[in-house]
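Some notes on the structure that comes next.
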Amino acid sequence: MRALINSYDVVVIGAGPAGSMASYNASKMGAKTLLIEKSQEIGEPVRCAEAVPKIDELYGIPADPSFVRTTLDGGYIIAPNGKVIAIRGGKTDGYVVERKIFDKHLAIRSANQGTKIAVKSRVTNIEKEGSGYVITINHMGEEYKVRTKIVIAADGVESSMAEMVGLKSKKNVKEVCSCAEYEMINGKCIDDKMLELYFGGVAPQGYAWIFPKGDTVNVGLGIIGGKKSALEYLDDFITNPILEGRLENATPVEFKCGGAPVGGPIEKTYAEGFIVVGDAAGQISPLTGGGISLSMDCGLIAGEVAAKCIKQNNWSEEAIKEYETIWHEKYLHLLNNDLKYKSILQQLTDTELNAIGDSIEGDLDDVNVPKIALKAVKKSPSLLKYLKEIL
Ligand SMILES: Cc1cc2nc3c(=O)[nH]c(=O)nc-3n(C[C@H](O)[C@H](O)[C@H](O)COP(=O)(O)OP(=O)(O)OC[C@H]3O[C@@H](n4cnc5c(N)ncnc54)[C@H](O)[C@@H]3O)c2cc1C
């Protein structure tokens, strides 16, 4: 056991997109900030299909060729009967990135603002000490302790930090979507600039995907429940006739698996001197499992509020609450809508999904769920029992 080695204004736990954006803003606004990552390499292991929206337009982060593998025009939604619906623009354009490099890039941006980074450092405990916290870190078998005024817990889907201060609700843990994915070489996409999302029995209560990633493709799926493991569904998907042999000659170069917390946000994301952000807070679309952009933006909000509290010498629960007020105003209704859409989608049979697909003619310019539901009900009035909540 080593003695207390340092004190910080803000300690951020987890160097994923949420943590690096939080520490970036905290440092930029003058707070003495430490970012702690348990992995020996930031960005590893990857548990992601690696699609991000236009980070240059949204966050002013240039789409650097070192991590951008594909610039997307949009995506295809594919019904169980093979009907392909194209969505171009709207929220579907963006990039497929190399997350190992992307995540490290975000951490480097944060370091360039003054953040200190500790890698191969697992936080094993958080204890309250006065109005601040003492954090215990295990690095290469040695224990260290650091003091901080504010903790930002950005420790992802397996988060245990929020629970340590009594914040995390067990509700989310029950709703983790199990994902399995291969990155494959020699696979073919319908179009090298479009995402492919397959709904129905191929991935019960979730969906399967093929994302173009430069020379390779990310082929994966997420399920909730189901009769087999995610990996077994994935192996079946690869040979599914709906793909018309496009993965026939493909072979994996990487396997990824992980969980996406799609049960909606945790009930409370702050306490005195404490903020929960990203997957740890359930800030991920329950419908799509997309969480990178939300984590980044909520990370920015967390970093800004933390730095402001440090400047005002007040990180009481009342002061920290501003974080939740801001992110709720921006995103809570979207997450709640997605939760509703997800639960409807989960009740639909392949036949009903086909009916919805068949009701759509031509390309879409965005995913407007109420508009799609209206078209579907006009074509198949029996769908009203599921879709009336949306109309
Ligand atoms: C298979 C799969 C595919 C996905 N595809 C997409 C996609 O294409 N697009 C998209 O937008 N989203 C996708 N997501 C979701 C996306 O990956 C997450 O929403 C996003 O990574 C959340 O960022 P985060 O920073 O909150 O957490 P993470 O990226 O998980 O980062 C958390 C970090 O905390 C570290 N950590 C954890 N515990 C400790 C500890 N005790 N001490 C120190 N460090 C710790 C971890 O090592 C990790 O680096 C996918 C998820 C899965 C599982």
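Worth pointing out:
- Expressed as a whole percent, the accessible surface of the chain that belongs to carbon and sulfur atoms is 51, based on a 1.4 Å probe.
- Here the alpha carbons of segment 280-391 define both size measures, Rg and Dmax, at 19.2, 60 Å.
- Inter-part distance where segment 274-339 and segment 46-64 are each reduced to a Cα centre, Å: 19 Å
- Largest first and in whole Å, the equivalent-ellipsoid semi-axes of segment 48-132 read 36, 18, 13, each the square root of five times a Cα gyration tensor eigenvalue.
- Sequence of 380, 23 when ordered by accessible area, the most exposed leading, probe 1.4 angstrom: 380, 23
- Convex hull of segment 347-387 built on C-alpha atoms - directionally averaged projected area, nm²: 2.8 nm²
- Per the Kirkwood formula applied to alpha carbons, segment 228-294 shows a radius of gyration over Rh ratio, Rg over Rh, of 1.17.
- Exposure ranking of 199, 237 by accessible area [1.4 Å probe, largest first]: 199, 237
- Within the full protein context, the accessible area of residue 209 is estimated at about 20 Å² for a probe radius of 1.4 Å.
- Annotation note: GluC sites (Glu not before Pro) in segment 220-256 located in DSSP loop regions with a Cβ neighbour count of at most 16 within 10 Å are 244, 248.
- Protein heavy-atom accessible surface, 1.4 Å probe, per residue over the chain: 43 Å².
- Under Stokes-Einstein, with the Kirkwood radius over Cα pairs as Rh, the value for the chain at 25 °C and 0.890 mPa s is 113 µm²/s.
- Computed [θ] at 222 nm, helices only, for the chain once each DSSP H run of length n ≥ 4 contributes -39500 (n - 2.57): -8500 deg cm²/dmol
- Trypsin sites (Lys or Arg not before Pro), loop per DSSP, at most 10 other Cβ atoms within 10 Å - longest free stretch of the chain: 3-169
The values are calculated or read from the model by the stated rules, or taken from the named source; none is laboratory data. Since the structure is predicted, the reported quantities are computational estimates derived from the model, not experimental observations. All Cβ positions, glycine included, derive from the backbone under ideal geometry; neighbour counts span all protein chains shown. Note: accessible area is taken over every heavy atom of the protein model, side chains too, but ligands, DNA and RNA are not part of it. Shrake-Rupley method; radii C 1.70, N 1.55, O 1.52, S 1.80 Å.
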